[in-house]
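Asks: Have a look at the structure that comes next, please.
The values are calculated or read from the model by the stated rules, or taken from the named source; none is laboratory data. Because the structure is predicted, anything quoted here is derived from the model rather than measured. Glycine also receives a Cβ, built like all others from the backbone with ideal geometry; neighbour counts cover every protein chain displayed. Each accessible area value is taken on the protein alone, full model and side chains, heavy atoms only, with ligands, DNA and RNA left out. Shrake-Rupley method; radii C 1.70, N 1.55, O 1.52, S 1.80 Å.
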Amino acid sequence: MSTLGNGTPVYKRIQNVIRKRIEASELLPGDPVASERELAKLHKVSLMTARHALAGLEREGIVERRRGAGTFVAAPKIHFNKLMSYTEQMSSRGLAPRSRVLVSKIVEHDVEVAARLGLPATSALIKIERLRETGDEPFALETCYLSAKEFVDLVKAPLGRTSLFATLQKEYAVELAYADEEVDATTADANVAELLGVPRGASVLRIRQVIYSTKGKAAIYVVGFYRSERHTLFIRRFR
């Protein structure tokens with residue numbers, strides 16, 4: 001495959017040009033990208049080299065190909081590779097975070113959730129359900145459970161505008177350290193589908209987390225449903 005004078009393959013040069021246009025907001029999510037034929041002509045390379053460049057960007061999730069329509073800039077994905085609040089995740093990707101609080105109330109007799117938090121079965125729990133959005137597009141539906149006894153008045157916190165993680169640290173002196181997670185693929189029921197703007201029965205990513213404080217105590221249990229085409233889970237394994 002042809003290379004530049006500095007040894008960089010030509011297909012990488014084409015990729016870098018497209019990446020820089022996206023980073024400079026010259027190309028926005030949903031905008032069309034030049035076709036293989038147009039790229040080949042513009043960069044004076046073979047059609048195969050141009051095709052290789054676009055295929056690599058597609059594998060990275062930077063562009064998406066639509067059969068019969070062409071190649072378009074893909075919406076940015078959210079990568080789960082660190083325990084961060086939604087606000088931190090969105091900000092790290094250069095996206096404007098927004099949350100809509102759907103439920104904020106005290107519930108009782110949820111034996112499974114109480115057990116996840118290491119609480120007695122009859123414990124009163126705070127339930128906070130939020131729709132996570134950026135712009136006008138829903139990204140995720142997350143429901144958080146916490147001890148009502150430990151986090152008094154948390155239901156009154158303006159969690160549509162502020163981070164739960166930051167609120168726990170500032171108002172309750174609870175600093176979060178790590179999470180145990182269960183990840184699986186499931187199908188969206190009618191409620192999840194409507195809120196996430198996907199067809200009923202569509203595949204969604206489900207993550208169940210028990211988030212622990214620096215003292216090793218379970219502080220939050222989270223059940224989240226995420227649009228699978230907008231999220232990836234990064235895992236590093238050691239042996």
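Asks: Ignoring ligands, DNA and RNA, please state the percent of accessible area on the range 106-232 from carbon and sulfur, probe 1.4 Å. Show your work: numbers first, answer last.
Replies: Values: 3030 of 6240 Å².
The C+S portion of the solvent-accessible surface of the range 106-232 is 49 percent.
Asks: With r defined as the distance between the Cβ atoms of Glu38 and Glu229 and R0 fixed at 35 Å, what FRET efficiency is calculated, to the nearest 0.05?
Replies: E between Glu38 and Glu229, to the nearest 0.05, is 0.85.
Asks: To the nearest 10 square angstrom, how much accessible area does Glu60 have with a 1.4 angstrom probe?
Replies: Result for Glu60: roughly 100 Å² accessible.
Asks: Let me ask you something else. Please provide three numbers in whole Å: the alpha-carbon extents of the range 97-239 along the principal axes, with the largest listed first.
Replies: 44, 39, 29
Asks: More than 11 angstrom separation, counting every C-alpha pair in the range 141-185; what % is that?
Replies: When all Cα pairs of the range 141-185 are counted, 75 percent exceed 11 Å.
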